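One structure is given below, encoded as structure tokens.
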Amino acid sequence: MTSSATVRRGLLLLPALAIILLLIGLPLGLMGWVSLLQKGGSSGVDWSAPPSIGNYLRLVWEEDFDGTMILNPTYLVIFLRSVAQAAVTTFLCLCLGLPVALWMAGLSKTGRNVMLLLITIPFWTNLLVRNYAWLIILREDGWTARAVNAVWPFGPVQLLYNDVAVAIGLTYSFLPFMILPLYSVFEKFDWRLIEAAHDLGATRRRALKRVVLPLVMPGIVAGSLLVFIPCLGAFVTPALLGGGKTAMLGNVIQAQFGSARNWPFGAAVSVVLLAIMLVVMTAMALWRNRRAAA
């Protein structure tokens with residue numbers, strides 16, 4: 001490639017790079033800078049304050065009355081709860097989405113189109129409305145609670161305002177993000193490979209492990225990322241179905257930019273959340289490349 005062609009290619013990339021820097025790089029850089037500042041006198045940010053890592057230290061430590069720093073596990077618990085809740089939601093979506101996607105791939109073209117329409121219908125309704133619907137379904141005097149308590153012999157079961165309710169709401173909200181990537185893989189799957197595996201003496205379990213799973217792994221990885229990463233920052237579902245008892249990272253960020261009006265600390269939590277997402281995506285990419293190389 002000549003130097004003039006390289007220059008022309010660089011010039012063609014400039015508008016895209018400018019848009020990325022303006023819409024992504026600049027806001028992220030501003031958020032990182034604000035996380036190093038201090039809260040203003042009444043609210044907002046004290047732009048004249050010298051930068052420091054105090055907001056990040058607050059995630060683990062807090063200052064006692066005598067000025068000594070003591071361990072504060074509150075935010076560590078919220079971090080662990082967020083990661084655990086996102087992992088549980090991803091697992092549940094995978095367990096539910098895998099058979100549904102497999103079944104959809106075996107339907108006729110009309111049946112597949114109808115199922116795709118049914119799966120995307122929830123997106124036509126606001127997420128807040130859908131979570132309020134789950135409040136009605138899981139409430140103490142609702143039909144779901146009555147049915148569960150009728151067959152549960154160990155006393156009344158509380159379905160609302162706990163981790164179970166949050167997991168149900170998150171799984172319902174993000175299940176389509178798992179089904180669609182899996183369906184796109186199963187739709188292109190060559191089922192003659194299964195027949196060939198059986199002809200070579202493979203059992204169903206071995207064919208599933210050695211033939212099906214390696215070929216559908218890209219869909220599993222894509223669906224897991226589409227579910228896990230948004231779950232880390234979810235705040236509507238934990239706020240409504242958790243009742244304030246199961247706060248996650250998204251709730252902490254929303255509270256700091258809302259009622260607490262401590263923007264620097266909210267920005268610090270946002271940076272940490274972004275770092276967790278980058279670590280997860282990098283780990284998944286390295287694992288996928290290692291499997292491809294093997």
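For a label point 7 Å from the Cα of LEU213 along Cα→C-beta, name the residues of the stretch 99-141 whose backbone N is under 16 Å from it.
Counting backbone N atoms under 16 Å from the label point, the list is 99.
So for the chain, taking the charge dipole from beta-carbon charges (+1 Lys/Arg, -1 Asp/Glu), which of LEU11, TYR56, ALA247 sits furthest toward the positive end?
LEU11
Suppose every K and R has +1 on its Cβ and every D and E has -1 on its Cβ; what is the size of the dipole of the stretch 76-248 about the Cα centre, in Debye to the nearest 20?
Values: 14 positive and 7 negative charges, 59 e Å.
Using Cβ point charges on Lys, Arg, Asp and Glu, the stretch 76-248 gives about 280 debye.
Using the Karplus equation 6.51 cos²θ - 1.76 cosθ + 1.60 (θ = phi - 60°), what ³J(HN,Hα) coupling, rounded to whole Hz, does each residue of the stretch 142-153 give in order, writing x for Gly and Pro?
These are the phi-based 3J(HN,Hα) values: x, 5, 5, 4, 5, 5, 5, 5, 5, 10, 8, x Hz.
Considering only VAL211, ALA167, THR90, whose Cα is most displaced toward the positive end of the charge dipole of the stretch 76-248, charges sitting on Cβ of Lys, Arg (+1) and Asp, Glu (-1)?
Of the options given, the answer is VAL211.
Using the alpha carbon gyration tensor of the stretch 203-294, what are the three equivalent-ellipsoid semi-axes (square root of 5 times each eigenvalue), largest first, in whole Å? List each step's numbers first, then the result.
Details: eigenvalues 272, 56, 10 Å².
Result for the stretch 203-294: semi-axes of 37, 17, 7 Å.
Per 10 Å bin from zero, what fraction in whole % of the C-alpha pairs of the stretch 1-96 is there, up to the bin with the longest pair?
The calculated distribution, bin by bin, is 12, 20, 25, 21, 16, 6, 1.
Could you tell me how many cubic angstrom of Cα convex hull volume the stretch 76-248 has per residue? Please list the in-between numbers first.
Details: hull volume 26.7 nm³, N = 173.
Each residue corresponds to 154 Å³ of Cα convex hull volume.
Can you return the lysines within cross-link range of LYS245? Criterion is Cα-Cα under 29 Å, with same-chain partners fewer than 8 residues away left out.
Once the sequence-local lysines are set aside, what remains near LYS245 is LYS39.
Please compute the volume of the convex hull spanned by the alpha-carbon atoms of the chain and report it per residue in Å³.
On the way: hull volume 77.1 nm³, N = 294.
Considering the Cα atoms of the chain, their hull volume per residue is 262 Å³.
Subtract the Cα-Cα distance of LEU26 and SER48 from 0.36 nm times their separation in residues, and report this length gain in nm to one decimal. Present the calculation step by step, with values, prior to reporting the outcome.
Working: separation 22, 0.36 × 22 = 7.92 nm, distance 1.99 nm.
Result: 5.9 nm gained on full extension.
Charges at C-beta only: +1 for Lys and Arg, -1 for Asp and Glu. How large is the resulting dipole of the chain about its Cα centre, in Debye rounded to 20? All intermediate terms of the calculation are to be shown ahead of the outcome.
Values: 22 positive and 12 negative charges, 250 e Å.
Rounded to the nearest 20 debye, it is 1200 debye.
May I ask you to list the aspartates and glutamates whose Cα is less than 17 Å away from that of LYS209, ignoring any residue fewer than eight positions away on the same chain?
Cα-Cα hits under 17 Å: ASP190, GLU195, ASP199.
Students often check this: by mean Cβ neighbours within 10 Å, which of 30-40, 155-165, 104-114, 208-218 ranks highest, and how do the rest follow? Let's see the in-between values first.
Values: 30-40: 17.7, 155-165: 16.0, 104-114: 12.4, 208-218: 14.4.
Final packing ranking: 30-40, 155-165, 208-218, 104-114.
All of the numbers you see were taken from the coordinates with simple rules; none came from a lab. Predicted model, so just to flag it, every value in this text is computed and none were measured. When we count neighbours, we look across all protein chains shown, and the Cβ atoms used for this are built from the backbone with ideal geometry, even at glycine.
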